[in-house]
Amino acid sequence: MKIQLLRHATLLVDIHGIRFLVDPMLCEQGAYPPVMNSTNSRQNPLVSIPVSPQLLQTIQAVLVTHTHFDHWDEEAVRLLDKQLPVFCQPADTDKIKQAGFNHVRSIENELEWRGIRLSRTGGQHGTGEIGKRMGAVSGFVLHAQDEPVLYIAGDTIYVPEVENALDRYSPDVTIVNGGAAQFAQGDPITMTHEDIARVCRYAPETCVVAVHMEAINHCLETRGQVRDYLSAEQLQHQVRIPEDGEWLDFSSEAPC
């Protein structure tokens, strides 16, 4: 299994040569205004993305954890082949169909496609009233024979649903959305450096991949801050923090 971070939470996941595009935000740098009620005025996304028509032609499926603009944007709707299978949570099925995609596969619990089992997990996109307003979010576990078990946690803070997924699926690789995304008021709505450390301590056998940083203006924690904290906690050996465009190879028995 190989994974490439394109930008933010947008990933290419290659399993047995079947390539998934995860949470596609494909717009140009600066195409969107700052997140409403955030603490700075930087245009989103903050960085460009290495996407070409040739790359998009290599994709066999799309996986969408939820449809906030930084995970499913207008440019993705425009560029992606409408015949591609799109896997999503039930709450987003109609929206993706209405965008013209003809093979939308809603995952209530799990399904199997081309030898890959996809299971949906829960999450919580923040606390209190803000968490409720952020709406439904999901994670997904991908499991294929002779490949590492991959858990994509999605936009969630550290909550019991994350522990349940770690317990149930014992993933070899866990992708978490960091950055401590936050509005001007309220608690973070994605994982903080402390949340990432909690994942490591709760599931010491999983290799944690931290993404979702340095691309959207309300994601306030940087890669460097997360690295420094994990190093101080002696957890750096369990976590990989890729740069944009970087490929990670999890073919070995000790992926981290």
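Details
- Summary value for the chain: 19 percent relative contact order, contacts being C-alpha pairs under 8 angstrom separated by 6+ residues.
- Surface composition of the range 1-98: carbon plus sulfur atoms hold 50% of the accessible area, using a 1.4 angstrom probe and ignoring ligands, DNA and RNA.
- The local environment of TYR202, defined by Cβ-Cβ distances under 11 Å, has a net charge of -2 under the rule Lys, Arg +1 and Asp, Glu -1.
- In the range 34-89, the chymotrypsin sites (Phe, Trp or Tyr not before Pro) that fall in loop regions by DSSP, at most 13 other Cβ within 10 Å: none
- For the set ILE241, ILE196, the ranking by accessible area, highest first and with no ligand, DNA or RNA atoms included, is ILE241, ILE196 under a 1.4 Å probe.
- Counting only protein heavy atoms and a 1.4 Å probe, the chain has 43 square angstrom of accessible area per residue.
- Surface accessible to a 1.4 Å probe, GLU129 within the full protein complex, Å²: 100 Å²
- Isotropically averaged projected area of the chain, using the convex hull of Cα atoms (one quarter of hull area), nm²: 12.3 nm²
- Surface share of carbon and sulfur [accessible, 1.4 angstrom probe, percent] for the range 154-196: 39 percent
- Neighbours of ILE3 by Cβ distance under 10 Å: Lys/Arg scored +1, Asp/Glu scored -1, total -1.
- The amide H of VAL35, built 1.01 Å from its N in the peptide plane, has ASN217, HIS218 as neighbours under 5 Å, considering only residues 5 or more places off or on other chains.
- Relative to the globular-protein estimate of 2.2 N^0.38 Å, the Cα radius of gyration of the range 173-237 stands at 1.07.
The values are calculated or read from the model by the stated rules, or taken from the named source; none is laboratory data. Just so we're clear, the structure is a prediction, and the values are computed from it rather than from any experiment. We place every Cβ from the backbone using ideal geometry, glycine too, and count neighbours over all the protein chains shown. All accessible areas refer to the heavy atoms of the entire protein, side chains included, with ligands and DNA or RNA removed. Shrake-Rupley method; radii C 1.70, N 1.55, O 1.52, S 1.80 Å.
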